[in-house]
Amino acid sequence: MILSVQGIHFSYNSLPVLDDVSFQLDRGKILAVLGVNGAGKSTLLKCLNRILKPQLGTVLLSETDILTLQRPAIARLMGYVPQRHDGENLTIFDAVLLGRKPHMKWGPTTHDIKIVENMLKIMGLNNDVLRPVNTLSGGQAQKVVMARALAQEPDVLILDEPTSNLDVRNQFEVMGLVKKAVTTGDVCAIIAIHDLNLAIRFADTIMFLKNGQVYAVENRDSLTPKTIKSVYGVTAVIQEVAGHLVVVPLSCCDLHDSGEKT
């Protein structure tokens, strides 16, 4: 085990958002966090790397409590890709080089430059490294932000809706790059995502949040239409297509249930 999250509680002023959220994640694994809008997915991710400070709970990374560390130390351990990021008036190379900042003392070393060059090559960005980020398409810009996070050489990669506003090809490319980074590196990844089918395709475990709590933790083989109906209020079937499980929504239903899993 690399990451252990225990009893996270968070409220905006007096409004509870997360209530006793706990889970564990091993190296080489991807956890997808799903739930309806407002379920607390983005808030949870921000609590993990102390962008937001939980009122209660611990986030242990290899027995180190992340919530007690200063930001540079957290940045050396956790790479974060936010849901929204502004276009930058930086070149692709400089934007990715910023990922090495937590490791630098006076300036970039030869080692830092090599890491950046490798990340650019992996992301397919190495042919246009002097192009300003704010001139890129959404998919290319997302790859730059991911390359920056990976350049940090983190133990945990945290991604908040990395496929939002991307076309199908870029969605698969981005998720495939996350999968490759996790399986070939000594890291784990937590992804807040809306697309159930991308989660089933790429994640090892799926955690559903409902009313600020962990409602269910499933893998692709244990996921049932009952869970989908309880979380989303949607009747669906799960079928195998070309060797992959696919969720097919059929109709909306009444979501005013007790919240109990059956």
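Read-outs: derived from the displayed coordinates by stated rules, not from any lab. Being a predicted model, the structure only gives us computed values, none of them experimental. Quick reminder, even Gly has a Cβ in these numbers, built from the backbone with ideal geometry, and neighbours come from all protein chains shown.
Brief remarks on what is shown
- Only Lys, Arg (+1) and Asp, Glu (-1) charged, at Cβ; the chain dipole about Cα centre in debye: 480 debye
- Rounded to the nearest whole Hz, the Karplus-based 3J(HN,Hα) values (6.51 cos²θ - 1.76 cosθ + 1.60, θ = phi - 60°) of region 128-136 follow the sequence 8, 5, 8, 6, x, 4, 6, 9, 8, with x at glycine and proline.
- Couplings for region 64-72, taken from phi via the Karplus curve 6.51 cos²θ - 1.76 cosθ + 1.60 with θ = phi - 60°, read 9, 7, 4, 5, 9, 8, 7, 4, x Hz in order; Gly and Pro are left as x.
- Selection from 110, 219, 241 lying farthest towards where the dipole of the chain points positive, charges on Cβ: 110
- For the chain, averaging the sequence separation of C-alpha pairs within contact (under 8 Å, six or more residues apart) and dividing by the residue count gives a relative contact order of 23 percent.
- Counting DSSP beta bridges with both ends in region 3-223, the antiparallel % (nearest 5): 55 percent
- Aspartates and glutamates with Cα under 14 Å of residue 29, excluding same-chain neighbours fewer than 8 positions away: 155, 186, 204, 218
- Sorted peptide list for 144-152, 205-213, criterion being average Cβ within 10 angstrom, highest first: 144-152, 205-213
- Residues of type aspartates and glutamates that residue 114 reaches as a straight line, Cα spacing below 15 Å, ignoring anything fewer than 8 places off in the same chain: 94, 153
- Between 207, 99, 64, the Cα set farthest toward the positive side of the dipole of region 3-223 (charges on each charged residue's Cβ, about the Cα centre) is that of 99.
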